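To start, the structure under review is shown below, and the notes come after it.
The values are calculated or read from the model by the stated rules, or taken from the named source; none is laboratory data. Just so it is clear, the structure is predicted and the values come from calculations on it, not from any experiment. Counting neighbours? That spans all protein chains shown, and the Cβs are built from the backbone with ideal geometry, glycine included.
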Amino acid sequence: MKKRKQLAALGLSLVTAVSVLAGCGGSTPTETKAPAEGAAPAGTEAAKPASGDGEVYFLNFKPETATIWEDVMKTFTQETGIPATVMTAASGTYEQTLKSEVAKTKAPTLFQINGPVGYQSWKDYCLDLKDSKMYELLSDKSLAITDGDGVYGIPYAIEGYGIIANKRIIADYCALDGAKVASIDEINSFAKLKEVAEDMQARKEELGIEGAFASTSFAPGEDWRWQTHLANLPLYYEYKDKGVTDAEELDGTYLPNYKEIFDLYINNSCTKPSLLSSVTVEDSMAEFALEEAVFVQNGDWGWGQILNNNPDMSADDVQFLPIYIGVAGEEKQGVCAGTENYWCINQQVSEANQEATLQFVEWLLTSDSGKDYMVKEMALTAPFTSFGEGETPENPLAKSILDHAAAGRTSVSWAFITMPNQVFKNNLGSALLEYAQGTGDWDGVTKAFVEGWKTEKANPTPE
């Protein structure tokens with residue numbers, strides 16, 4: 001707790017901003033109007049006037065990047081003269097917000113889908129991008145969402161997630177008498193992770209921590225790490241056993257393994273299981289950043305949150321561990337890598353707005369300003385040929401993903417993009433919270449997973 005008091009002031013304004021966004025998530029559209037004719041940003045040449053009268057309206061998926069996208073729009077308008085607007089959906093409400101916004105006269109011109117399932121819901125709105133610059137620049141064309149000869153979704157970032165570990169605290173632990181491992185490299189299975197985490201929890205006073213794991217967030221809209229990302233593991237391994245990439249029904253073969261890792265999280269953390277319903281993702285990331293916890297499940301996008309909470313955190317002190325669930329051969333498992341971030345251009349807006357939006361994306365991927373925002377501000381690993389060797393994120397977690405792959409470990413693909421819908425995820429999250437709080441049992445989780453999957457695949461509940 002001393003660390004929290006000492007460090008909180010260093011990033012207070014940033015932490016407050018991120019906390020507001022994580023808790024509320026949404027924003028009203030922020031519009032940047034074109035500069036007056038002939039005007040130019042200080043220290044630059046006059047921006048090239050936009051052709052036509054098109055404008056850009058982007059509906060952003062991630063609350064944690066809301067303020068960055070507002071800056072992006074301002075810079076884009078200054079450099080091109082094209083008016084640009086961004087709105088950020090509240091956490092867990094993107095589909096609902098998108099449905100509301102596309103029904104308006106001024107609809108989003110650029111929006112996101114999460115993969116093939118999302119495309120099926122929004123294909124009537126997706127412009128064919130096969131002749132676009134963004135598709136031309138895509139380094140691996142197989143990553144795009146296609147339908148027949150058309151290309152309808154372009155991934156703008158490759159991401160990964162796992163268990164983020166504090167290497168410094170682990171080294172301190174390894175120096176204790178009776179430590180269960182001699183180095184972080186020995187944590188290469190669920191059995192070993194469990195042994196270490198439980199021992200750390202028992203010796204938390206010696207280590208100066210509040211818990212082995214950061215708190216398991218279950219505040220409204222904050223449970224996606226468990227009902228989507230953690231649930232990916234049993235889904236991935238069932239698909240792998242069956243040799244499929246989607247299914248109308250599941251057996252739930254690996255749900256006992258899902259229970260084991262979830263139990264490990266909630267029973268060895270900074271917060272009692274009965275109090276998790278008010279915990280946010282930001283709370284848990286702050287616990288990790290301020291070294292109150294040794295482990296936290298999240299993705300490479302979490303590095304910015306860590307630095308916001310603790311600017312002094314060294315990049316050398318963090319790395320990913322795979323999410324082990326006790327599967328045979330998991331010593332060779334890597335982190336979960338993929339994307340659910342696909343850009344789509346709304347084909348139902350005017351041609352002028354479509355053209356302006358195509359220009360906007362091209363500007364993001366080719367201009368110095370746009371690429372700086374992508375790489376430096378949002379720390380994205382962008383899968384485009386326009387990004388050179390020096391244009392990669394200064395993000396130790398992004399590097400850790402590559403390190404696991406270079407070591408020959410098999411990445412876990414994002415099977416969760418085939419989940420039926422948000423209703424399935426929400427119901428699973430509710431069942432997990434009830435189990436954690438002791439108001440429900442694991443049978444409820446199994447039912448939400450297996451029966452809920454079958455029901456929502458066959459007859460999706462309107463969202």
Selection count, region 436-463, where residues are within 25 Å of the chain's Cα centre (by Cα) and free of Cβ contacts under 8 Å to residues at least 60 places away in the same chain: 6
Top-ranked residue in region 328-356 [being surrounded by fewer than 17 Cβ atoms within 10 Å (Cβ to Cβ) and of a type outside the set (Lys, Arg); ranked as nearest to Tyr156 (Cα to Cα)]: Gln347
Hey, Gln227 in contact with a Gly (Cβ under 6 Å, 6 or more places away or on another chain) and buried (at least 17 other Cβ atoms within 10 Å of the Cβ) or not: yes
Residue tally, condition closer than 24 Å to Glu282 by Cα and either of a type in the set (S, T, N, Q) or part of a loop (DSSP other than H, G, I, E, B) (or both), over region 182-237: 18
Residue in region 74-83 that is modelled with pLDDT under 95 and crowded, with 18+ Cβ neighbours inside 10 Å present: no
Residue in region 184-193 that is at pLDDT 95 or above, within 27 Å of the chain's Cα centre (by Cα), surrounded by fewer than 23 Cβ atoms within 10 Å (Cβ to Cβ) and farther than 22 Å from Lys332 by Cβ present: no
Residues located in region 444-463, provided they are in contact with a helix residue (DSSP H, G or I) (Cβ under 7 Å, 6 or more places away or on another chain) and part of a helix (DSSP H, G or I): Gly444, Val445, Thr446, Ala448, Phe449, Gly452, Trp453, Glu456
Test: residue in region 357-370 that is buried (at least 16 other Cβ atoms within 10 Å of the Cβ) and in contact with an Asp or Glu (Cβ under 6 Å, 6 or more places away or on another chain): no
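Each row is one residue, and each column tells you yes or no for (1) at pLDDT below 95; (2) over 17 Å from Leu230 (Cα atoms); (3) of a type in the set (Ser, Thr, Tyr).
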site: Ala398; (1), (2), (3): yes, yes, no
site: Asp403; (1), (2), (3): yes, yes, no
site: Ala407; (1), (2), (3): yes, yes, no
site: Ala415; (1), (2), (3): yes, no, no
site: Gln422; (1), (2), (3): yes, no, no
site: Gly429; (1), (2), (3): no, no, no
Odd one out for Tyr373 among (1) outside the structural domain of Met73 (by TED's automatic domain parsing); (2) farther than 30 Å from Ser274 by Cβ: (1)
Top-ranked residue of region 407-429 - restricted to ones that are under 15 Å from the mean Cα position of the chain (by Cα) and assigned to a loop (DSSP other than H, G, I, E, B), ranked as surrounded by the most Cβ atoms within 10 Å (Cβ to Cβ): Trp414
Residues within region 293-304 that are in contact with an Asp or Glu (Cβ under 8 Å, 6 or more places away or on another chain) and buried (at least 24 other Cβ atoms within 10 Å of the Cβ), tallied: 3
Enumeration of residues in region 345-392 that are in a loop (DSSP other than H, G, I, E, B), β-branched (Val, Ile, Thr) and in contact (Cβ under 8 Å) with a residue 40 or more places away in the chain: Val349, Thr385
